[in-house]
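Accompanying notes for the structure given below.
The values are calculated or read from the model by the stated rules, or taken from the named source; none is laboratory data. Because the structure is a prediction, the values reported are computed rather than measured. Note that we place each Cβ from the backbone using ideal geometry, even for glycine, and neighbour counts take in every protein chain shown. Calculation scope for accessible area: heavy atoms of the full protein, side chains included, ligands and nucleic acids excluded. Shrake-Rupley method; radii C 1.70, N 1.55, O 1.52, S 1.80 Å.
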Amino acid sequence: MEPMNQKLFSLPILILFLCIHFTSFAAKNRSGQLRMALSEDPEILNPLLSTSDYAVDVQTWACDSLLKRDLDTYAWQGSIAEKWELSKDNSSVIFQLRDNVFFHNGEKLKAEDIQFSFDIYKKNASINSSVAAYFDGIDAVEVLSPLKIKITFKNNYFKNFEVAATNWILPKSVYDVKNQQPNQLVCAGPYQLDGYEKGKKVSLKLFEKYFGFNVNHLKGINNFQNIDFQIIKDEDVRVDKLKKSEIDFLEFPNADLLERKLSSDVVQKTLVKVKVENKIPKAWSFIGWNLAKPIFADHNVRKALNLLVNKEAINKVFFDNQLSVINGPFLHNQEYGAKIKPFIRDAKTATALLKKAGWSDSNKDGILDKMIDGVRVDFKFVLTYANKDFEKVWQFLRDDYRSAGIDMELKYQDFNLMMKAKSDLSFDALALSWAGGGVDPDPKQLWHSDSAVKGGSNFVGYKNVDVDKLIDSGRMTLDRKKRIIIFEKAYQMISDDNPYLFLFMDKYNYYAHVNRFNKPKDTFNYGVGLNTWSVKK
């Protein structure tokens, strides 16, 4: 939805890499090219300045952190740090760094770079409230020796260790400047920036000093010499390029689209189509109401807007029932939201709620109206979206609303312009989706009042004191089972308040690729694992 493949930034995607100080035999054995498509221009590649998932798609191949996750077990593995020790009371962690990690500019990584990275991210977090919640618990970063760092926590925030382990590490010499270059991407990962043509492509090349080539548990990954991202906004053009083998890999939002777009005999011979299910949290789509707008201020109105939508019909007609209908920000493969059921279309109840909120068709023109601050206001608003491929869905939704006397105008807009409107809070309603986030999510970024500020992820302006208290309590609860119970109470309240029109969550991953790759399997438990693929010889 807008969109299903349109995921906003939440936290850096936790796929991490390493590097070595000499051109190894393993590096020379890497070959070929992986060509992919971005549906929007990242515009900013600098990790300190970027906020879009399109930038993260590129940065994931270039940047690295202290630890990484095993794609099958989700266990922690050494990355920039080869050893680590968490204190028994969870108040601090000591990381022992490898002695052969280099940045893309050739500088050797030092403990001071770790300290700087946390300091600069914390400083940015004070400005960028979308990530501020995750750095709340970092108290101090102390250099113990050239290759040893200690990170102390100031509270029991349950993600403290994860934040410490997965923060991308940047060279102090490059990023400790006042005027940041927007497309400066210098990290310590396996690929380095090789070129960026705005609106056309982003190119990466193998970083031959990447030390992970000689680390046993990393030897099977990062097998390409080059990674190219073509920026292709039109879905049909992306599919056509895949059919012509001009790109190698493409994700699809649902099975129906995968089959319809790739059904010819020629395609069957040259492409591999894949449907997989794994444990990684899936994207979920929504329409966010600007709660500062008077027409959305009443929770009865927002509930009515939910009850007027035939989500089951949309899922069947447009997605072949391949999505999960949701009524909250829930991960379908986890414990959250199991007791909270989706709303079923109920126009009668919706009409009663609108009447209760004071809306009626006083002038018999077919549009509801209401006196607001002494002025008669029609129930009209604009839904802004950035993916024309889902325009028919929004038209279907518009008809549902029109039948109840609500006039929803559709407005297509370039994604980056829409993100500006989101940041400026100059919108009525936005159609978007959030990436699934972490396996163990923290709701503060989206739902806490502290995040309801300009530039924050709670861009709709949702505020509920009781929800805030539950989120604050759950974040400081280390026992996961107890934390789930607390957060689920918060999610029930959010669902009842309807700050979003919650729509769908992905069940599966669908993708197709050119038939020239070796891959260990179609998916791992916690990701497809593109970095484990290699070109057939």
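Against the condition surrounded by fewer than 20 Cβ atoms within 10 Å (Cβ to Cβ), of a type in the set (A, V, I, L, M, F, W, C), at pLDDT below 95 and assigned to a helix (DSSP H, G or I), how does VAL317 come out, does it pass? Judged against the criteria, VAL317 is a match.
Within region 421-440, does at least one residue satisfy the condition of being of a type in the set (A, V, I, L, M, F, W, C), open to solvent by 10 Å² or more (accessible area, probe 1.4 Å) and over 16 Å from TRP289 (Cα atoms)? Yes, there is a match, as at least one residue in region 421-440 is of a type in the set (A, V, I, L, M, F, W, C), open to solvent by 10 Å² or more (accessible area, probe 1.4 Å) and over 16 Å from TRP289 (Cα atoms). Would you confirm whether or not region 480-493 contains a residue that is buried (at least 17 other Cβ atoms within 10 Å of the Cβ) and modelled with pLDDT of 95 or more? No. Condition check for PHE153 on (1) at pLDDT 95 or above; (2) surrounded by fewer than 21 Cβ atoms within 10 Å (Cβ to Cβ): one failure, at (2). Scanning region 487-537 for residues that are without any contact (Cβ under 8 Å) to a residue 24 or more places away in the chain and outside any loop (DSSP other than H, G, I, E, B) yields LYS489, ASN518.
Taking the condition open to solvent by 40 Å² or more (accessible area, probe 1.4 Å) and either touching a residue at least 60 places away in the same chain (Cβ under 8 Å) or within 30 Å of TRP76 (Cβ to Cβ) (or both), does PHE396 pass? Yes; evaluated as a whole, the condition is true for this residue. Residues in region 394-442 that are closer than 30 Å to ASN525 by Cα and assigned to a loop (DSSP other than H, G, I, E, B): 8 in all.
Would you be able to tell me the number of residues in region 359-393 that are in a strand (DSSP E or B) and hydrophobic (A, V, I, L, M, F, W, C)? Final tally of qualifying residues: 7. Scanning region 464-479 for residues that are free of Cβ contacts under 8 Å to residues at least 60 places away in the same chain and out of contact with any Lys or Arg (no Cβ under 6 Å at 6 or more places or on another chain) returns ASN464, VAL465, ASP466, VAL467, ASP468, LYS469, ASP472, SER473, ASP479. Any idea which residue in region 43-101 is modelled with the lowest pLDDT, counting only those that are among the β-branched types (Val, Ile, Thr) and under 18 Å from the mean Cα position of the chain (by Cα)? Within region 43-101, the match that is modelled with the lowest pLDDT is THR51.
Among the residues of region 71-99, those identified as out of contact with any strand residue (DSSP E or B) (no Cβ under 8 Å at 6 or more places or on another chain) and either of a type outside the set (Lys, Arg) or in a strand (DSSP E or B) (or both) are THR73, TYR74, ASP89, ASP99. Would you mind stating whether LEU410 is under 34 Å from the mean Cα position of the chain (by Cα), modelled with pLDDT of 95 or more and open to solvent by less than 50 Å² (accessible area, probe 1.4 Å)? Spelling it out, LEU410 is indeed under 34 Å from the mean Cα position of the chain (by Cα), modelled with pLDDT of 95 or more and open to solvent by less than 50 Å² (accessible area, probe 1.4 Å).
Here is a yes/no grid of residues against (1) of a type in the set (Phe, Trp, Tyr); (2) under 25 Å from GLY527 (Cα atoms):
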{"residue": "ILE247", "(1), (2)": "no, yes"}
{"residue": "PHE252", "(1), (2)": "yes, yes"}
{"residue": "LEU258", "(1), (2)": "no, yes"}
{"residue": "LEU262", "(1), (2)": "no, yes"}
{"residue": "LYS273", "(1), (2)": "no, yes"}
{"residue": "VAL276", "(1), (2)": "no, yes"}
{"residue": "ILE280", "(1), (2)": "no, yes"}
{"residue": "TRP289", "(1), (2)": "yes, no"}
{"residue": "GLU312", "(1), (2)": "no, no"}
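Among the residues of region 443-463, those that are of a type in the set (D, E, K, R) and not in a helix (DSSP H, G or I) comprise LYS454, LYS463.
Counting the residues of region 174-227 that are over 23 Å from ASP113 (Cβ atoms), touching a Leu at 6+ places or on another chain (Cβ under 8 Å), crowded, with 17+ Cβ neighbours inside 10 Å and touching a residue at least 40 places away in the same chain (Cβ under 8 Å) gives 5. Of all residues in region 431-457, those that are free of Cβ contacts under 8 Å to residues at least 12 places away in the same chain have Cβ atoms under 7 Å from Cβ atoms of residues that are open to solvent by less than 20 Å² (accessible area, probe 1.4 Å) and in a loop (DSSP other than H, G, I, E, B), 6 or more apart or on another chain, in ALA452/ASN458; ALA452/TYR462. Among residues of region 257-290 being within 30 Å of LEU383 (Cα to Cα) and of a type in the set (D, E, K, R), the one that is least open to solvent (accessible area, probe 1.4 Å) is LYS282. The set of residues from region 116-138 being modelled with pLDDT under 85, closer than 23 Å to THR477 by Cα and not in a helix (DSSP H, G or I) comprises just one member, ASP136.
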